[in-house]
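What follows is one structure encoded as structure tokens, with my remarks underneath.
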Amino acid sequence: LKTAFDPMRQISKQIGQIAKAIASGERAIDILDYEPHVRDFPGATKAHPFYGSVSFQDVSFGYDPNRQILKQVNFAVEPGQQIALVGPSGSGKSTLASLLLRLYDPTDGGILIDGRDIRSYKLDSLRQQISVVMQDSVLFAVSIRENITYGRLGATDAEVEHAARLANAHDFIMDLPQGYDTVVSERGGTLSGGQRQRIAIARAAIRHSPIVILDEPTTGLDGASEHAVNEALNRLTQGSTTFLISHNLRAVERFDLIFYIEKGEILERGTHPELMAQAGRYAQLYRLQNDANNLDPQGIEHVLEA
Ligand code: ATP
């Protein structure tokens, strides 16, 4: 399901490894070197602090040259806009997001942030300004404090706590016997899925990123936990250009812009009311999901796989 973001998981692991490496005096560059797909372009310069406008200009991409995944994708969004990417499984939503991070480069066309091709920015200065929260976030087997600090090395304890409060995490952290010094396990362990997500959100929040990517961040959480995570996500994304990938159309109704993606193309775009008025694929899916939700909690997935 999340193949496109496997490299992303690697990157987020790398953030931890880099942090540890710097602490132990290794050169971060040696670790970054194993990112195989992209490199700094000759003449790339450090990115300025982004405002956060993003545009895709005729972007095509395939992992394999014989199979196009994205086909001439075009859009332009303003700083601070909230964009939802919806559509069937395998339609290319995560791939689109991974191109923005330059995990891969388009085979055709270009991606611009603040009007400049992202290949003209040094990779690390690009990625530093984009926060990612995925389903099932990666935590490291270090303290909660360090897990949050990996979002921005050198952050103070007060900044860590501020980010944790924003992420609805401070209270449950304080309830742990060792508080911020609690060492978490990489998978599962003492923290619930929702608590792990909130630590990941705190890690993202401490970066103050102008651009945020959320890839099904609440999938698999129960109702109460989902509510706490959503509240944290709302605060995290306030004022940042946000791309949310979601299978749940009810979760995207309030978004500024919804892209309905199918087979690598944006088939429909607009606000929820606009898309409903178009009475196209989005509207059809929305009605099916609502009916399915009323009948069967698994309905969303059934409908989307159909
Ligand atoms: P989902 O909703 O299931 O997450 P998606 O819309 O995000 O799907 P992508 O994950 O972008 O879709 O996948 C689009 C297509 O690209 C799929 O056919 C997938 O199998 C393929 N794909 C994704 N990642 C890779 C990869 N790293 N290498 C090769 N093919 C990939």
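Structure summary
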| item | result |
| --- | --- |
| Residue among 259, 289, 221 farthest towards the positive dipole end of the range 160-306, charges placed on Cβ | 259 |
| Additional length obtainable on full extension of the chain from residue 117 to residue 136, 0.36 nm per residue less Cα span | 3.8 nm |
| Dipole magnitude of the range 137-238, debye to nearest 20 (Cβ charges: Lys/Arg +1, Asp/Glu -1, about Cα centre) | 240 |
| Of every Cα-Cα pair in the range 71-151, the percent that sits beyond 16 Å | 63 |
| Radius of gyration and maximum dimension Dmax of the range 188-231, Cα, Å | 10.9, 32 |
| Part-to-part distance (alpha-carbon centres) for the range 185-225 and the range 104-149, which is given in Å | 16 |
| Distance between modelled label sites at residue 276 and residue 157, nm, 7 Å Cα→Cβ extension | 5.0 |
| Rounded to the nearest 20 debye, dipole of the range 220-268 from Cβ charges on Lys, Arg, Asp, Glu | 120 |
| Rounded to whole Hz, the Karplus (6.51, -1.76, 1.60) HN-Hα couplings of the range 190-199, x for glycine and proline | 6, 9, 6, x, x, 5, 4, 4, 5, 5 |
| Theoretical gain in end-to-end length, residue 71 to residue 108 [0.36 nm per residue, Cα-Cα removed] | 12.4 nm |
| Fully extended contour minus Cα-Cα distance, from residue 58 to residue 231, at 0.36 nm per residue | 58.8 nm |
| Cβ-Cβ FRET estimate between residue 253 and residue 182, R0 fixed at 35 Å, reported to 0.05 | 0.40 |
| Compactness of the range 88-127 as Cα Rg over 2.2 N^0.38 Å, two decimals | 1.22 |
| Size-normalised alpha-carbon gyration radius of the range 88-213, reference 2.2 N^0.38 Å | 1.19 |
| Percent of C-alpha pairs per 10 Å bin, the range 163-270, short to long | 13, 43, 30, 12, 3, 0 |
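FYI, it's all coordinate maths here, none of it is from the lab. Computed from a prediction, not measured in an experiment: that's the story for all the values here. Positions of Cβ are backbone-derived with ideal geometry, glycine not excepted, and every protein chain shown enters the neighbour counts.
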